[in-house]
Amino acid sequence: MAVSEGVIVSPYGANGEMRKLWQMEADVIEYAMRRYGGNVAEVARRLQIGRSTLRRRLERYEDVKRRSVSSDLSADALFQSAA
């Protein structure tokens with residue numbers, strides 16, 4: 001498990017099943033965006049990824065969230081189609 005500043009990103013979901021890597025990554029990015037006030041450059045620097053990569057991932061996760069609310073498809077299926 002990754003531990004940083006008292007934050008734990010669990011590899012297991014509420015049902016005890018192993019979570020998908022993209023779900024854990026989305027949690028880490030969401031936490032970092034809150035922690036650094038939405039500063040994309042700072043979050044990208046801290047996560048050691050490019051700003052454009054971070055923006056793409058943020059867009060993909062937001063698209064999956066938005067579409068999963070208005071769709072019968074699972075978030076996993078939507079994430080795969082957004083990739």
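The values are calculated or read from the model by the stated rules, or taken from the named source; none is laboratory data. This structure is a prediction, so every number in the text was calculated from the model and none was measured. Every residue, glycine among them, receives a Cβ derived from its backbone with ideal geometry; neighbour counts consider all protein chains shown. Accessible surface is based on the protein model in full, side chains and every heavy atom, while ligands, DNA and RNA are left aside. Shrake-Rupley method; radii C 1.70, N 1.55, O 1.52, S 1.80 Å.
Below, the figures for the structure above:
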| read-out | value |
| --- | --- |
| Listing of helices (runs of 4 or more DSSP H) fully contained in the range 23-83 that carry 1 or more residues being at pLDDT below 95 and either open to solvent by 80 Å² or more (accessible area, probe 1.4 Å) or more than 18 Å from Gly13 (Cα to Cα) (or both) | 51-69, 75-82 |
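Matching residues to (1) within 16 Å of Lys65 (Cα to Cα); (2) of a type outside the set (Phe, Trp, Tyr); (3) touching a residue at least 24 places away in the same chain (Cβ under 8 Å); (4) in contact with an Asp or Glu (Cβ under 9 Å, 6 or more places away or on another chain):
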site: Asn15; (1), (2), (3), (4): no, yes, no, no
site: Met18; (1), (2), (3), (4): no, yes, no, no
site: Asp27; (1), (2), (3), (4): yes, yes, no, no
site: Met33; (1), (2), (3), (4): no, yes, yes, no
site: Tyr36; (1), (2), (3), (4): no, no, no, yes
site: Ala41; (1), (2), (3), (4): no, yes, no, no
site: Arg46; (1), (2), (3), (4): no, yes, no, no
site: Arg51; (1), (2), (3), (4): no, yes, no, no
site: Leu54; (1), (2), (3), (4): no, yes, yes, no
